[in-house]
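Participant: Got a structure for you, questions after.
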Amino acid sequence: MSYDRTTLLAAAQNRGDQHYKEMGQRLGVSRATAWRLWTGRTAPSAVTAAAVEREYGVPARQLLAPAAA
């Protein structure tokens, strides 16, 4: 699976979250996890993906795409 952070960033910014700290608070994740998501260093876990869908309306299938063969 590959993670494209642009979808998450666009959804966060549409809700007014302009910084990873704001996104982290909204999602209920640590600042470190929020930073890794914001910068694309890591993909969201299942729990975090569920929070993204709940808070931003972005389903996991839009955040994670199958890796190219």
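The values are calculated or read from the model by the stated rules, or taken from the named source; none is laboratory data. As the structure is a prediction and not an experimental result, all values here were calculated from the model. In this analysis, Cβ positions are derived from the backbone assuming ideal geometry, glycine residues included, and neighbour counts consider all displayed protein chains. All accessible areas refer to the heavy atoms of the entire protein, side chains included, with ligands and DNA or RNA removed. Shrake-Rupley method; radii C 1.70, N 1.55, O 1.52, S 1.80 Å.
Participant: Divide the volume of the convex hull of the Cα atoms of the stretch 6-61 by its number of residues and quote the answer in cubic angstrom per residue.
Facilitator: Working: hull volume 3.8 nm³, N = 56.
Spelled out: Cα convex hull of the stretch 6-61, divided by residues, is 67 Å³.
Participant: In addition: Leaving out ligands, DNA and RNA, and with a 1.4 Å probe, what % of the accessible surface on the chain is carbon or sulfur? Before the final figure, lay out each step's value.
Facilitator: Values: 2060 of 4250 Å².
That share works out to 49 percent.
Participant: Per residue, how much accessible area does the chain show when a 1.4 Å probe rolls over the protein heavy atoms, in square angstrom? Intermediate results must be reported in sequence, preceding the final value.
Facilitator: Numbers: 4250 Å² over 69 residues.
In whole numbers, the chain has 62 Å² accessible per residue.
Participant: Determine the relative contact order of the chain: mean sequence separation of Cα pairs under 8 Å and six or more apart, normalised by residue count, in whole percent.
Facilitator: 45
Participant: Say R0 is 22 Å: what FRET efficiency, to the nearest 0.05, do residue 10 and residue 60 get from their beta-carbon distance?
Facilitator: The computed FRET efficiency comes out at 0.90.
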